[in-house]
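Below: the structure, in structure tokens.
The values are calculated or read from the model by the stated rules, or taken from the named source; none is laboratory data. These numbers come from a predicted model, not from an experiment. With ideal geometry, Cβ positions are generated from the backbone for all residues, glycine too; neighbour counts draw on all protein chains shown. Heavy atoms of the whole protein, side chains included, go into the accessibility calculation; ligands, DNA and RNA do not. Shrake-Rupley method; radii C 1.70, N 1.55, O 1.52, S 1.80 Å.
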Amino acid sequence: LRVRCIDRSVIAVFASRDYVARHGAPKSPRQTKGHAALIPGGELAALPEGRWLSAQPSVAVVFTSNSLPALVAAARAGRGLIALSASWGAREPNLVRLFDVPKIPARAMWLVSTEASAKRPASVVVMRHLLEMIGRPAKRA
């Protein structure tokens, strides 16, 4: 197997520029009181960042979804705060990073393939695209 850690990212709280303009920008967990929260549901409900955000005192859960892209779309639309990997949030030009979530360790993203699949053109295209998405240079085979 070929195994490569392609990203290690902390979890941070983000909101759209529009949301921040309307509701303010919390800079710490204590300042999330009264803010709208976008929370992973279904099988994603076990994610520590979702459990952390929903446990903050007096946040209003306004949207839950078992789709992270749907949650990010809701955040981009100004619906509330979202906790997600800093590397994902950084790729969203309309989202503002507010603060890092305490006590949740950085999350690693691993690229794993067999020797044979790593040489297939289709696999190479997918792996290069994943690396470009997170801003890492692709290594030539």
Using Cα pairs closer than 8 Å and at least 6 residues apart in sequence, work out the relative contact order for region 28-80, in percent.
44
Kirkwood Rh in Å, taken over all unlike Cα pairs in the chain:
16.2
Ignoring ligands, DNA and RNA, what percent of the accessible area of the chain is carbon or sulfur (1.4 Å)?
58
Where Rh is the Kirkwood radius over the Cα pairs of region 56-101, the temperature 20 °C and the viscosity 1.002 mPa s, what D in µm²/s does Stokes-Einstein return?
189
Taking Cα pairs under 8 Å and at least six residues apart, what relative contact order does the chain come out at, in percent?
39
What list of ³J(HN,Hα) couplings, whole Hz, do you get for region 78-89 from phi and the Karplus terms 6.51, -1.76, 1.60, once you set θ to phi - 60° and write x for glycine and proline?
x, 7, x, 7, 9, 9, 8, 4, 4, 5, 5, x
Take every DSSP beta bridge whose two residues both sit in region 2-104, then give the antiparallel share in percent to the nearest 5.
60
Largest fluctuation, L130, L44, L84 only, Gaussian network model of the chain with Cα springs under 10 angstrom, belongs to L130
Can you work out the accessible area per residue across the chain, with the rest of the protein chains kept in place, probe 1.4 Å, in square angstrom?
57
Under a 10 Å cutoff between Cα atoms, tell me which one of S85, S65, S16 has the largest fluctuation in the Gaussian network model of the chain.
S65
Amide H contacts under 5 Å for A36, restricted to residues at least 5 apart in sequence or on another chain and with H modeled in the peptide plane, are A60, L81
Rounded to the nearest 10, the angle in degrees between the Cα long axis of helix 121-133 and the longest principal axis of the Cα atoms of the chain comes to 30
Does region 28-89 come out rounded, prolate or oblate by the C-alpha gyration tensor, with a ≥ b ≥ c the root eigenvalues, rounded set by a/c under 1.5 and, if not, prolate when a/b is larger than b/c and oblate if not?
rounded
At R0 = 30 Å, FRET efficiency that the Cβ-Cβ distance of V124 and C5 yields, to 0.05
0.95
